[in-house]
Every structure is written in structure tokens, then in C-alpha cells.
1. Measure off 7 Å from each Cα along the Cα-to-Cβ vector at residue 227 and residue 27, then give the distance between these two points in nanometres to one decimal.
2. Roughly how many nanometres apart are two label points built 7 Å out from the Cα toward the Cβ at residue 216 and residue 66?
3. Which links in 82/220; 100/162; 110/157; 100/182 stretch past 21 Å when you go from one Cα to the other?
4. Can you compute 3J(HN,Hα) from phi for each residue in the stretch 50-63, using the Karplus curve 6.51 cos²θ - 1.76 cosθ + 1.60 with θ = phi - 60°, rounded to whole Hz and x for Gly and Pro?
5. Gain in length, residue 159 to residue 123, computed as 0.36 nm per residue apart minus the alpha-carbon separation, to one decimal in nm?
6. Determine the gain in length on full extension of the stretch residue 19-residue 168; use 0.36 nm per residue of separation and subtract their C-alpha separation, reporting nm with one decimal.
7. Taking the Kirkwood radius as the inverse of the mean 1/r across Cα pairs, report the Rg/Rh of the chain.
8. Compute the length gained on full extension between residue 89 and residue 57: take 0.36 nm times their separation in residues and subtract their Cα-Cα distance, giving the result in nm to one decimal.
Amino acid sequence: DGLPILHDTKGGFTEGSLLKFSDGNEKKAYQSIIDIEPDHHYKWGTINVTANREKEISANVLFGKRPEKGSTPTDYENYDGKKDPLFTDALDLIREIIDKSRHFNLEIKKIFELQMAYMLLWTVLERYTTLRYDLNQTPMERIYQLEDDPNFCKVLKEVVEKKRTVYRSDNPRTRVILDPDKPKNAINYYYQVRSNIVHRGKAIYNDYDILYSSINELLKITEATIMGAFSLSETE
């Protein structure tokens, strides 16, 4: 899933956060970590760390279990999620494509670009939820966690002015309703727009208005959700 992992080699270093658990809560804390980090990805180990330039202490860490299989070395020593290309460059690119598509003049290439941007936006969302939520869950189970995210819910209500409907491309009798007061329904709506892009081969021109509105809304919601999460982590 593109997650940064530590390799238990002798050389190299990285920066990180040192967590200290209160007396009597250590077992519960470690169990909480174990519950969300699948053991087929990680293994426990011990390293020496220096906190606040003080003397070295021993700390428990999660190493990648088999980093040599399916992983590639990075060109940086410290991972900063805030600077992840999918949270920076990708969002900038999506915004550029939206701006270029503002005035629709029946150019089929503009529709295709907008569709590609929408798919990329979903990649951003899946990346964010992979980093934030339980790795033992499926991608959609993690996406549905957003219905309880206060930033997601707040901006959803701000950007969606009224309810609207989209129909499934594989079953036109089934409709999905976008309701700003029902976050899970909204997730289903935006995902259905994504599915229609993948599966629908017709009615491309009719889809433009739905797609343009959806990508504008979901981009604002996604940016606010990601920024809110990083702001919260910096204050904790």
C-alpha cells in the first residue's frame, strides 16, 4: 500500500516520535497497536533512540517483516506524511485540471482529463485512509471511517448545497443520493460516480455536470480532511 516501513539493518537512521505509555496501561496500549498493524506486514524489534539530544534509550519499534520483497528503498531518511506527493503534487494537479475544465465546450479530451483527475482524487483518499486507519480493513471499510471524521462532515455540509441523485451504470434502476446530512450516503454517491467512470461507455457528455460538481466538492472535502488530521497530530 505504499506505506513507509523500517528495515532492521545496522546502518542508517530516521526521525520519529517517541511514545511513552502511562503506568498500568502498557499492555492495553501495545494491544491497540497490534490490533491495527497486521502481523504479516510487521514484526517487533528494539532500537536505540536519542530523545531531545539526551542519552540513548532503548525503544520498541515495528520493522517491516520482509521489506526486500515488494518494497523499494526511499531517497529520504525521514518520512513526513504532510509532504507526501499524493497530498501535495497530486492535489495541485487535480486543481489545475479542474480549472482547465471550467468552461465545457464539448471537447472529449477535457472530459477524459476530468475523469482521470477524479480517479486520482480517489487514489489520494485511499492513500490517506490507509495511513490513518486499520490496515486489517478493506479499502472501502477504511473509506467509510470518514463518516465519523468531523472535518469531512463539516466541509461536506458546506460545499453540497442540495441533494442530487446518480444512477448506477450497471443497474439504471438503482439510484444513489447525495445528502450533505448523511456522510455515508455521500461517500456512496461519490464512489458511484467513480464506478460509473470505470464502467460506463456511453453518455459521456451527460456525465460532465455530475463529474464537475463531484470533483470540486470532493477535492475541497479531501483537502480539509487531510489538513485537519495533520493539524491535530501537530497539537497532540
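1. Between residue 227 and residue 27, the simple spin-label model gives 4.5 nm.
2. According to this spin-label approximation, the distance is 4.9 nm.
3. In this structure, 100/162; 110/157; 100/182 lie more than 21 Å apart at Cα.
4. 10, 10, 6, 6, 8, 5, 5, 10, 8, 9, 7, 9, 9, 8
5. Contour length minus the Cα-Cα distance gives 10.9 nm.
6. Gain on stretching residue 19 to residue 168: 49.0 nm.
7. With Rg and the Kirkwood Rh in hand, the quotient comes to 1.04.
8. So the extension gain works out to 7.8 nm.
Bear in mind that the values in this text are calculations on the coordinates, not laboratory data. Given the structure is predicted, the values throughout are model-derived calculations rather than measurements. Using ideal geometry, Cβ is built from the backbone for each residue, glycine included, and neighbour counts are taken over all protein chains shown.
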